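Comments concern the structure below.
The values are calculated or read from the model by the stated rules, or taken from the named source; none is laboratory data. Only a predicted model underlies this, so the values are computations on that prediction, with no experimental measurement involved. Cβ sites come from the backbone with ideal geometry, for glycine too, and all protein chains shown count toward neighbours.
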Amino acid sequence: MDKRAVGGLGLDNMALGNINGTFGTVAFVGGTLLGGLLAARYSLRRMFVLLAFALNVPHVTFFYLSQALPHDLVLITCVVLIEKLGYGLGTVGMMLYMMQELSPGRYRTAHYAFATGIMALNMMLTGMVSGRIQAWLGYQAFFGFVLLASLPPIIISFFAPFGAVSEAKC
């Protein structure tokens, strides 16, 4: 929504609402359904790295938008659709991992609630500092920084332990 002069796309509330609220919601739901289908068909263990990568697709799309600053609303919408699709895919991987690997045993609901609370805390803390970092670096450098910061979680996903349930149940 910021002006183009400061690195934003200059979208108004109506355009942003249509992009995120209508098309983005459909893409996110489609991504979650596709992620669930992939995990059910091939197992979470086999799909986990791909889903972790998909969770970082939004970073690539925002980096592109910050660099290209396209004027075409259709192109912006398509890029946001890719972002929401990737976010939906990745969210499924994260949620399934929390349900299957972090929440086993007798108190699985409590463990799952604790894991989602940690996830929400992480989102809140990074959200608190990201605005200041963006203001300090500017949009273009900020999204480059985000791309670099998203590499460790993808690498770590290769080493994520799977053992709470057998492969047949994944």
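Computed values, structure above
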quantity: Pairs where the first residue, in segment 1-23, is within 18 Å of residue 68 (Cβ to Cβ) and the second is modelled with pLDDT of 85 or more and surrounded by 12 or more Cβ atoms within 10 Å (Cβ to Cβ), C-beta under 6 Å, 6+ apart; calculated: 1/11; 3/10; 4/10; 7/138; 7/139; 19/77; 19/80
quantity: Restricting segment 26-42 to residues that are farther than 21 Å from residue 155 by Cβ and of a type in the set (Gly, Ala, Ser), the residue that is surrounded by the most Cβ atoms within 10 Å (Cβ to Cβ); calculated: 31
quantity: Which numbered condition residue 10 misses (of (1) within 22 Å of residue 145 (Cβ to Cβ); (2) modelled with pLDDT under 95); calculated: (1)
quantity: Residue in segment 1-50 that is farthest from residue 62 (Cα to Cα), counting only those that are assigned to a helix (DSSP H, G or I) and of a type in the set (Ser, Thr, Tyr); calculated: 42
quantity: Residue under evaluation residue 158, criteria (1) at pLDDT 90 or above; (2) surrounded by 11 or more Cβ atoms within 10 Å (Cβ to Cβ); (3) of a type outside the set (Val, Ile, Thr), criterion not met; calculated: (2)
quantity: In segment 63-76, the residues that are buried (at least 18 other Cβ atoms within 10 Å of the Cβ) and either of a type in the set (S, T, N, Q) or more than 22 Å from residue 7 (Cβ to Cβ) (or both); calculated: 66
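So that you can scan it fast, the table gives a plain yes or no per residue for (1) at positive phi; (2) surrounded by 16 or more Cβ atoms within 10 Å (Cβ to Cβ):
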| residue | (1), (2) |
| --- | --- |
| 78 | no, yes |
| 92 | no, yes |
| 98 | no, yes |
| 105 | yes, no |
| 111 | no, yes |
| 114 | no, no |
